[in-house]
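Here's the structure we're looking at; comments come further down.
Where a number appears in this text, it was derived from the coordinates with a stated rule and is not lab data. The shown structure was predicted, so the numbers you read here are calculated from the model rather than taken from an experiment. All Cβ positions, glycine included, derive from the backbone under ideal geometry; neighbour counts span all protein chains shown.
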Amino acid sequence: MDKVIDFINVNRDRYLDELKGLLAIPSISALPEHTDDVKRCASWCAEEMGRIGLQNVRLIDTPGNPVVYGDWLGAPDAPTILFYGHYDVQPVDPLELWESPPFEATIRDGELYARGSADDKGQVFMHLKAIEAHLTQNGRLPVNIKLIVEGEEEVGSLNLDNFIAAHKTELAADVVVISDTSMFARGVPSICYGLRGLVYTQIDLRSSKTDLHSGVFGGAVANPAFVLAQMIAQMKDKSGRIKVPGFYDDVRPLEPVEREAWAKLPFNEKKYRKDFGFARLTGEVGYSTLERTWARPTLEVNGLLSGFTGEGAKTVLPAVAMAKISMRLVPDQDPQKIGDLFEAYVRKITPKTVELTFSRMHGGKPWMASFDSPFIQAAGRAIERGFGQKPVFTREGGSIPVVSTFQEVLGLPSVLFGVGLPDENAHAPNEKLDLSNFHNGIIASAYLYEEIAQTTVPA
Ligand code: BES
Ligand code: MN
Ligand code: MN
């Protein structure tokens, strides 16, 4: 193993140059004008996977963006890892808030700034470099590995469930490894054992054929912006509870052991407020900030649009109003069922003065593992070897929809070992990856394969 680690240490600078090439490709899955860039990024990943010595490398077409596949299956007696990551990234707007161009990776103060640096290209690349180190130094890996890197995670992984169902036998493995989450804090390596699920919806209201003169008509007809605001106001009560009937029926209560463990994590509420500029924290009464974001469901307005929003004043009654509303779910809530309950509630609270169009976008199931799983313990040892420190166990508020699919369709447990940071600015301007976490992450990944190789698969 020393040779492998030495190789990683010696090649540190080369890794950055190569990663900059990957980060230069604007593979924004949400924007149709970037379709070619997304394809180019898939090809870049495939070429790199071939170059480091993976086999059977290919792009597998889906109705959307291709999945990049590669494997190395030369350890017949060892377990098989299914590695998952995504090569697509979020849009970059507002562009003017970036301190350096989002697709020209720039190093400042030990951080690599670029869209996708942390979410998720940098973290995928970390594993490619760990694999490369094993293959060049030993000619082999201690485990078998199958990699799938997808290009639609940031738009809800719409084609991935079908992809997995269609390739069930080829994807057979013992454990899934994913690096697409964050460390609890700087200097606190972490393993994530729970993710929230998601339901994403849109509400469109229309009250008239066109916008109207607000003096001529105001007072006699409904204003959809106002109606929408009143509807949104009926979605949560004063204590932060969601008012959709049945919403909490399947929510698994927080275990006392989790509450106790989380209370011991190095979380400083005051620092959290200051770091992000929150005037005050708020949320569901009776729960701490970590509990609110990790273990409780939420309903949020992602966007609101109506009427005149330009400079100056225009006296107008808007004809339409729109809101994008999503709910983060926790075990054992089901996105389909919650979507149905929410739609029924929205229909019920929509007054007859407006016409409602309700649409559903993507969704995903929540996920939770038990952290005494032997694979999670193996990851704990690898992280300790890579970071010189035992990891903490976290849940996260974000969603990776495919993780529950791996469990349900392939029967596979997942190990989520991420090296992002809470202030990495994922999905926001100035996304960044801490270079020492990236480097230690490569080393920990190299150890992870070795630790998993020695893990006996539970019958
Ligand atoms: N890497 C994130 C998921 C994540 C974020 C996990 C923070 C843990 C902490 C992923 O790329 C992501 O952004 N997921 C989306 C999923 C959605 C588009 C279905 C999310 O959580 O909003
Ligand atoms: Mn991600
Ligand atoms: Mn993301």
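Structure summary
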quantity: Segment 1-104: GluC sites (Glu not before Pro) in DSSP loop, at most 14 other beta carbons within 10 Å; calculated: E99, E104
quantity: Potential lengthening between R347 and M1 on full extension [0.36 nm per residue; Cα-Cα distance subtracted]; calculated: 118.5 nm
quantity: Those residues of segment 319-333 whose amide nitrogen sits under 12 Å from the label point placed on V221, 7 Å along Cα→Cβ; calculated: 319-320
quantity: Amide H partners (placed H, <5 Å) of I325, local residues excluded; calculated: T201, Q202, I203, N302
quantity: Charge dipole (segment 347-407, unit charges on Cβ, about Cα centre) - positive-most of M361, F406, I383; calculated: M361
quantity: In sequence order, calculated HN-Hα J values of segment 278-294 (Karplus, 6.51, -1.76, 1.60; Hz; x Gly/Pro); calculated: 7, 5, 8, 9, 8, x, 4, 4, x, 10, 6, 4, 5, 5, 5, 8, 9
quantity: Contact order normalised by residue count of segment 1-108, Cα under 8 Å, 6+ apart, percent; calculated: 26 percent
quantity: Footprinting exposure proxy for W367, W44, W294 (fewest neighbouring C-beta atoms within 10 Å first); calculated: W44, W294, W367
quantity: Cα centre as origin, Lys/Arg/Asp/Glu Cβ charges: segment 1-89 dipole, Debye; calculated: 60 debye
quantity: Tensor-based shape of segment 55-177 (alpha-carbon gyration tensor, a/c under 1.5 rounded, otherwise prolate or oblate); calculated: oblate
quantity: Segment 388-445 shape via C-alpha gyration tensor axes, a/c threshold 1.5; calculated: oblate
quantity: Packing-based exposure ordering (other Cβ within 10 Å, fewest first) of V92, V155, V68, V409; calculated: V409, V155, V92, V68
quantity: Cβ-derived FRET efficiency at R0 22 Å, T210 paired with K314, nearest 0.05; calculated: 0.95
quantity: Centroid-to-centroid separation of segment 98-168 and segment 244-317 [C-alpha atoms, Å]; calculated: 29 Å
quantity: Helical mean residue ellipticity (222 nm; -39500 (n - 2.57) per DSSP H run of 4+; nearest 500) of the chain; calculated: -10500 deg cm²/dmol
quantity: Segment 57-185 - charge dipole about Cα centre, Lys and Arg +1 at Cβ, Asp and Glu -1, debye rounded to 20; calculated: 580 debye
quantity: Dipole axis of segment 131-232 (+1 Lys, Arg; -1 Asp, Glu on Cβ), positive-most option in I148, S207, T181; calculated: S207
quantity: Debye, to nearest 20: dipole size of the chain, +1 on Lys, Arg Cβ, -1 on Asp, Glu Cβ; calculated: 1360 debye
quantity: Segment 307-436: C-alpha gyration tensor shape, a/c 1.5 cut-off, then a/b vs b/c; calculated: oblate
quantity: All Cα pairs of the chain, percent lying beyond 27 Å; calculated: 57 percent
